[in-house]
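**Q** Mind looking over this structure? Questions follow.
No value in this document is a laboratory result; all are computed from the given coordinates. All figures in this text were calculated on a predicted structure; none of them were measured in a lab. Every residue, glycine as well, gets a Cβ built from its backbone with ideal geometry; the counts of neighbours run over all protein chains shown.
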Amino acid sequence: MTPADNLSFEAKLESTLRDIGIPPRPIILDHVGTEMHKDEPNFNYLSRIITADVGLSASLIKITNSPFFGFRSRVRSVKEALMVLGLDVASRAIAGIILRRAFPDSPQIERFWDSAAQIARLSGWLAQRVTKNNLQPDEAYTYGLFRDCGIPILIARFPGYYAVLAEANHEAIASFTAIEDKHLPTNHAVVGCLLAQSWWLPEETSLSIRYHHDANVLATPTIPPR
């Protein structure tokens, strides 16, 4: 693919993301990603940026001190949280915090996020007990949190999506995404994958989101490429 083709592809992708209503990648993830690729990341610089957002910094410290990670000592600052977690894990934690804030509050959305948080915790807990596959709990947690992130995007984009959700939840034969595809030009697995890719989550996470309703893929030991 030539540089011109790359630019054309990026432009089409950005247009698609805007049309569907996928929130743009938070600028803080750009900063974290830049520092991750340096030989000596500037933790002071990142901590200053994150600390400027009181809600984000408090949430990051709270997550770091949660029983999920099981650190012996409690962190008291954003810089400590970044150093204890590492930038890779911290970036995914930050993405999860910001994801919830990207959508307007409503009783339905609140229940969705509560469910997503429970799935994420369960995924991380299971990963801690399936050690033979070298599955990292923090990666499983991220997958669980983002697995259905396409749903709030489709709720905001398509006024009739609640009816589609109801039909999909009560369908006994066809897959959830097949019902979505019947009524919409896309489904929440595709949209969730696009968001994960746009927000620079690991490719394994993006592909897992893309195929989590595909029975054929779930029956195989490997995930197909995009």
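**Q** Only one of the values (1) 31; (2) 18; (3) 22 was calculated from this structure for percent of Cα pairs over 29 Å apart; name its label.
**A** After the calculation, the listed value that fits is (1).
**Q** Using Cα centres only, tell me the gap between segment 196-214 and segment 46-81 in whole Å.
**A** 25 Å
**Q** Continuing with the same structure: Using the charge dipole of segment 63-159 (Lys, Arg: +1 at Cβ; Asp, Glu: -1 at Cβ; taken about the Cα centre), state which of 154, 94, 63 has its Cα farthest towards the positive end.
**A** The one lying farthest along the dipole's positive direction is 63.
**Q** Follow-up question, since we're still on this one. Anything in the chain that counts as a DSSP H helix reaching 30 Å or more along its axis (C-alpha) with Kyte-Doolittle mean of at least -1.0? List them, would you?
**A** The qualifying helices are 107-129.
**Q** Where does the chain land at 222 nm, in deg cm²/dmol rounded to the nearest 500, when only DSSP H runs of n ≥ 4 count, each adding -39500 (n - 2.57), divided by all residues? Intermediate results must be reported in sequence, preceding the final value.
**A** On the way: 14 runs with 153 residues, N = 226.
Here the helix-only value at 222 nm equals -20500 deg cm²/dmol.
**Q** Please find the FRET efficiency linking residue 73 to residue 102, where r is the Cβ-Cβ separation and R0 is fixed at 35 Å, and quote it to the nearest 0.05.
**A** For residue 73 and residue 102, the calculated efficiency is 0.60.
**Q** Further, regarding this structure: Can you tell me how segment 45-148 classifies by the Cα gyration tensor, rounded, prolate or oblate, using a/c under 1.5 as the rounded cut?
**A** On the way: a/c = 1.98, a/b = 1.05, b/c = 1.88.
Oblate, since a/c reaches 1.5 and b/c is not below a/b.
**Q** Report, to one decimal in Å, the Kirkwood hydrodynamic radius for segment 30-91 based on all distinct Cα pairs. Intermediate values should be presented prior to the final figure.
**A** On the way: mean 1/r = 0.0853 Å⁻¹.
For segment 30-91, inverting the mean 1/r across all distinct Cα pairs yields 11.7 Å.
**Q** To continue, here is another question. Is there a quick way to get the dipole size of segment 117-171? I mean about its Cα centre, with the Cβ of Lys and Arg at +1 and of Asp and Glu at -1; what is the value in debye to the nearest 20?
**A** Dipole magnitude for segment 117-171 comes out near 200 debye.
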